[in-house]
Amino acid sequence: MNEKIFFHWESSPQTKEKDGPLSGVKIAIQPNLSVRGWPTEAGSPALEHYIALEDATVISRIRKAGAMLVGSTHMSELGFGLVGDTAGSALAEGLCDAALVTDTLGEARVASIPAGAIGYKPSYGISSRLGLIGLIPSMETIGVIARSPEIIVRIMQTISGPDPEDFSMLSEGFPDFTRIKNGAYPVKTIGIIRESQDALPSSELEAFQGALALLSDRGFEIQDLSLPDFRLFRIVHQVVGSAEASSDAGKYDSVRYGHRADGTENWNEMYLKSRTESFGLLVKSYLFQGAYFQFKNYPAFGDACRIRRSLAQETRSLFDTVDVILLPTRHLGAVPAKANTVAHVYDAFSLTCPANVTGMPAVSLSGFVKCGEVDLGLQILGPHLSDPRILSFASILLSSRKGDE
Amino acid sequence: MEYEPVIGLEIHMQLNCATKMFCDCANLPGEKPNSSVCPICLWMPGAIPQFSREALEKATLTCLALNCEINLRSAFDQKVYYYPDLPKGFQLSQFHRQLAKNGWLDIIDEEGKPRRLRIHEIHMEEDVAKLVHETEGQKRISLVDFNRAGAPLVEIVTEPDMRSPYDAMEFLRALRTQIWYVNTADCSMETGTMRADANISLRPKGTDELNTKVEVKNMNSIRAVGSAIIYEIERQTEELRAGRPIILHTRLWDPAKNITTPMRGKFSGPCVPDPSVPDVILTEELLSEIRSRLPEMPAQKKARFMQEFELTEEEASLMSADREVADYFETVIQEHIAPRTTAQWISARLLPAIKDRGQTISETAVTPKRFSALLAMVEREEINSSAAREALDLLFESDKTPEAIVEEHHFRQIGDADQLEAVLDRIIAENPDAVENFKKGKTQAAGFLIGQAMRASKGKANPKLLREILDARLKSS
C-alpha cells in the first residue's frame, strides 16, 4: 500500500530533537523538495535517478524543529496540476500529520479537499524556495495540507522567515504566526467577488451561498465586491507561467544530470532526443506554449506581465473594505486529479490560481460548500502577508462548526 | 562611389572579482577544469542565484570610469538559447533595464583631432562555460568546463561613432587605460578577459545612412581588431561595387589567414525578465560611496602634469597612460629630480628595459628609490648619461645601490679640468683638419672633436666641461 502512496518511504523515520516545536509531528513531502540522499525526481523523467545533494532550507528547519520526515509521495510532473498526486491520500490514510505540497496553481488547496483536510498556500516570499524543484518560480510556494490549522501554524512558525541564500524572498515584514492564539487577527467583514461567481452553475452557486448564509447568521458582515477582470487571472497565469516554465525547464538538457537519450551523433541531437523523452505530454505542451510566447509572441507576454501587476493592485484595493474574501476552491465540472491537458488544468484551477498570480495567501477548508456529494471547498483569501489572519479565521470557522455538530 | 565605414564595438570585459556573479565560487576560469563549481553555477535543480555585491560595485565603478549615467534600478533578463556551454538554457543578462547608459571616451584621431566616442549602454551579464573538443579513440567528444560559467562580465556597447580601424583601436586603448586606473578588470585580449566584437557597415561618403551591419568576432588583440576591420571594409566595398547586398550576419576573424569567414545568422533569441533574481537597486548613498573610489583619471592627470610639472603634451600622455607609471613618476620627482628629465628617462630607458625583461613596473627590482638615486647622480653631474644607461642595466641584475654600482664599475665621470685638458690637447694635435674646419666656421667640427675626446676617456668625461675647455682652447689658438 505504501508504494502506491509513497515514492520514497523511510522505514524508521528519526528525529534527534525531542522537545522541538514539531517533535512528534509526522510530515510527508513531495519528491521535488531536496532531502540529501533521497531520490528527487519531481515526478519527471527529466530527473531520472536524481539524488538530492543538500537539504532544502525548509527541510533543515522542520528537521531541527523535531519533525519526522516519513517519506515523499507521488506527484504530478514538476508539480504542475494534480494527476498522479498522492499527498492527500497519505494524509487521509493517517500516514502523516501534514504534507508539504507545492502550490503552483492551487494544488495544495485542491488536494486537501478529498482528504477532508485544510490546504494552505502561504504568501509569496515568506518561506525559502531553496531546494524546491519547481516549474514556475514567480507563482509557486511550498504549501501545507493538514487536519488542523494549528499544525499548519506550527509548521509555518518553523519554516517562514528570511533565508540569506534565497534572494527572491522578502527581506523584512514577515507575518508573526505566534500572535494567532491571542486573537490578534479579528475578522469582521467578508467580501465576495461578484465576477468570481459568474461562471458558476446554479447548483454550485446555491451551495456557496448556503455557506455564506451561515456566516451571515453568525454576525459576519458580507460585502459584495466587483473585480471586472477576474476572468483574466487564469489567462495571465497561463501566459506568464508557461513562459517562465519554458525557461525554468531549460536546465534539463541531459548534460549534467537526468535522462540522456542513447545513440545520438552530436550534442544537438542529444538535446533534442533527450528532451523529447524527458517530459510527459502535459508539461511538454505547456513548455511549447511558453516557448511560443518567448520566441513568437513576446508582446503578449509583455501584456500579461503588465496585466498581472494591475490585477495585483486591483485585488489589494478590494481589501480596503473587507478583512477576507471568500470563494469556492474548485468547480464541480472539472476534475483536478484527471486534468491532463493544459486547458483542463486551467479549468480545474481557475478559482485557486488568482492567489498564485498575485502572491496573496489562501486557505481552503473542507465540508463547508457541498454540492450533492462533492465538496467544492471554501477558499479564504487575504491580502499579501495576512497569513496569520486567514489561518486564525479558518480556525474560528472550524471550531464554530464543531459547535454546530 | 566612395564609401565611408560606420563602426561600433561590443566589448565583453571580465571583472576581476573574487567570486562569480551569482555564487561564492572563486572566479578563476583558468584553473583545473570543473574545480571552481557549485550547485548554483552548475544549475542543479533547486538552486537559486545569489547576486554578488562585489560584482555590482565593480561594474558600477567601471561604468563611472567610462563617464556613464547609472540607473539606480536595473534588472536581469534571461537570454534564451540552447547550447551545452549554458547550463540552464538561458544566460542572465540585462536586456530591458541596464545598469548604465550615455557614456563616452575621448580619443585623438588619425588626423590629430580630439574626438568624443559615445557609449550607448553598459550592462552586466554572466559568462558561459567553456567547451573542449577532444577525441576518445575514433570518437569525437565534447567536454564542458564550468569554471568560467557565471564569471562576472560587463558588456560595453558603443554608438556607431567610429569611422576608421584607427578609431576603433584608439577607443580600445583608451578604454583599457580607464579600466586599469580603476582596477576592475584585467582587460587582456590575449587571455580573453577582454573580447571585442566589431559591427561594421558602409555608406556613401557624406550621407547619414545606417546600413546593414556585419558583426566580426574572434580578434585576440587590439591590432587584430584593426586588421579585421580593414579586411571587412575592403570585403564589403567589393560586395557593394559588385552590386551584391550586405546581409546581417556574424563573421569570424581568422588570424592565420588574415580574413573573415561567415559564421552564422546573428542571434536574436528572446530576452524575458528573470523571476528569481530581484531587481538590482543601488542607493544614492552606495552610488556616491562608489563614486568616491574613482581615482584621478588619466585626462585629469595629464592636464595636471602639464601644468604643475611643465611636461610637454607627449610626455604628460606617456606619464599618465598607466596608473602605475604615473605613480612611479610622481614618486621619483619627490626626490627632487627634474620632472622632464624623469619623464624622458622613464619613457625612453626604463619602460623599454622593463619590457625587455618581461617584468612590470610594480614588480621590477629598479624601484623608484633606486631609479631616483641614479638620476640624482646624473643631475649632480657625477656620471654622464651613457654611464647612467649602463648603470641602469646593472640595477636590474643586482640589489646594490646605484652609488655602489657606479663606484664598482668606475662610472664616475671625469670632472677634473687638468685631466680633460690633457686629453683635449692630444685630440687637437691629432686632428688638425677638424681644427681648421672649425676655424672656417664649421661648428659641427667641434662635435667631432668632443666625440673623439669622449671616446678617449672611455665615455667618462663630463661632456659639458669638455665643451667649455674646447671652446676656450679653440678661441685662444
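Yes/no matrix, rows are residues, columns are (1) at pLDDT below 95; (2) touching a Ser or Thr at 6+ places or on another chain (Cβ under 7 Å):
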| site | (1), (2) |
| --- | --- |
| A:Gly20 | yes, no |
| A:Arg36 | no, no |
| A:Pro39 | no, no |
| A:Ala56 | no, yes |
| A:Ile62 | no, yes |
| A:Val70 | no, no |
| A:Thr86 | no, yes |
| A:Ser89 | no, no |
Identify the single condition in (1) in contact with a Ser or Thr (Cβ under 9 Å, 6 or more places away or on another chain); (2) away from chain B (no Cβ under 14 Å) that A:Arg308 does not satisfy, given that it satisfies every other one.
(2)
If we keep only residues of the stretch B:389-418 that are in a helix (DSSP H, G or I) and touching a residue at least 40 places away in the same chain (Cβ under 8 Å), then the residue farthest from B:Ser347 (Cα to Cα) is B:Ala417
In the stretch A:302-341, residue surrounded by the fewest Cβ atoms within 10 Å (Cβ to Cβ) [restricted to those that are under 22 Å from A:Val369 (Cα atoms) and in contact with a strand residue (DSSP E or B) (Cβ under 6 Å, 6 or more places away or on another chain)]:
A:Leu332
Every listed condition ((1) free of Cβ contacts under 8 Å to residues at least 24 places away in the same chain; (2) surrounded by 13 or more Cβ atoms within 10 Å (Cβ to Cβ); (3) part of a helix (DSSP H, G or I)) holds for A:Lys181 save (2)
Pick from B:Glu310, B:Glu232: which is away from chain A (no Cβ under 14 Å), surrounded by 12 or more Cβ atoms within 10 Å (Cβ to Cβ), touching a Pro at 6+ places or on another chain (Cβ under 9 Å) and on the phi > 0 side of the Ramachandran plot?
B:Glu310
Strands (runs of 3 or more DSSP E) enclosed by the stretch A:92-155 - at least 3 residues per element that are hydrophobic (A, V, I, L, M, F, W, C):
A:98-103, A:141-146
A:Lys251 more than 20 Å from A:Ser366 (Cβ to Cβ), surrounded by 15 or more Cβ atoms within 10 Å (Cβ to Cβ) and among the basic types (Lys, Arg)
yes
Here are some conditions: (1) surrounded by fewer than 24 Cβ atoms within 10 Å (Cβ to Cβ); (2) modelled with pLDDT of 95 or more. A:Cys371 meets all but one. Which one does it not meet?
(2)
Give just the number: which of (1) within 14 Å of chain B (Cβ to nearest Cβ); (2) closer than 30 Å to A:Ser392 by Cβ; (3) more than 13 Å from the chain's Cα centre (by Cα) does A:Tyr124 not satisfy?
(3)
Identify, please: which residue in the stretch A:22-45 is on the phi < 0 side of the Ramachandran plot and within 9 Å of another protein chain (Cβ to nearest Cβ) and is, among those, surrounded by the most Cβ atoms within 10 Å (Cβ to Cβ)?
A:Asn32
Exactly one of these conditions fails for A:Leu95: (1) surrounded by 21 or more Cβ atoms within 10 Å (Cβ to Cβ); (2) away from chain B (no Cβ under 14 Å); (3) more than 20 Å from A:Thr358 (Cβ to Cβ). Give me its number.
(1)
Residue count for the stretch B:92-147, restricted to those that are acidic (Asp, Glu), within 14 Å of another protein chain (Cβ to nearest Cβ) and either touching a Lys or Arg at 6+ places or on another chain (Cβ under 7 Å) or within 18 Å of B:Ala168 (Cα to Cα) (or both)
1
State whether one or more residues within the stretch A:2-11 are in a loop (DSSP other than H, G, I, E, B), of a type in the set (Asp, Glu), at pLDDT below 95 and surrounded by 14 or more Cβ atoms within 10 Å (Cβ to Cβ).
yes
Residues of the stretch B:33-53 satisfying the condition of being touching a residue at least 60 places away in the same chain (Cβ under 8 Å) and either of a type outside the set (Ser, Thr, Tyr) or away from chain A (no Cβ under 14 Å) (or both):
B:Pro33, B:Asn34, B:Ser35, B:Ser36, B:Val37, B:Ile40, B:Cys41, B:Leu42, B:Ile48, B:Pro49, B:Phe51
Which strands (runs of 3 or more DSSP E) sit wholly inside the stretch B:89-194 and have at least 2 residues that are of a type in the set (D, E, K, R) and farther than 30 Å from B:Ser317 by Cβ?
B:114-126, B:130-136, B:139-145
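For the stretch A:82-91, give me each residue that is of a type outside the set (S, T, N, Q), in a helix (DSSP H, G or I) and farther than 16 Å from A:Leu376 by Cβ.
Our first condition is that a residue be of a type outside the set (S, T, N, Q); within the stretch A:82-91, this holds for A:82-85, A:87-88, A:90-91.
After this cut, where a residue has to be in a helix (DSSP H, G or I) as well, the list is A:87-88, A:90-91.
Residues satisfying the conditions are A:Ala87, A:Ala90, A:Leu91.
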Would you confirm whether any residue within the stretch A:139-162 is within 14 Å of chain B (Cβ to nearest Cβ), closer than 29 Å to A:Ser226 by Cβ and hydroxyl-bearing (Ser, Thr, Tyr)?
yes
Scan B:Ala316, B:Ala338 and give me the residue that is over 27 Å from B:Cys187 (Cβ atoms), surrounded by 14 or more Cβ atoms within 10 Å (Cβ to Cβ) and either of a type in the set (Gly, Ala, Ser) or modelled with pLDDT under 90 (or both).
B:Ala338
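Quick grid of which residues meet (1) part of a loop (DSSP other than H, G, I, E, B); (2) free of Cβ contacts under 8 Å to residues at least 12 places away in the same chain:
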| position | (1), (2) |
| --- | --- |
| A:Val322 | yes, no |
| A:Tyr346 | no, no |
| A:Asn356 | no, no |
| A:Ile380 | no, no |
| A:Pro383 | yes, no |
| A:Pro388 | no, no |
| A:Ala394 | no, no |
| A:Ser399 | no, yes |
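The values are calculated or read from the model by the stated rules, or taken from the named source; none is laboratory data. Being a predicted model, the structure only gives us computed values, none of them experimental. In this analysis, Cβ positions are derived from the backbone assuming ideal geometry, glycine residues included, and neighbour counts consider all displayed protein chains.
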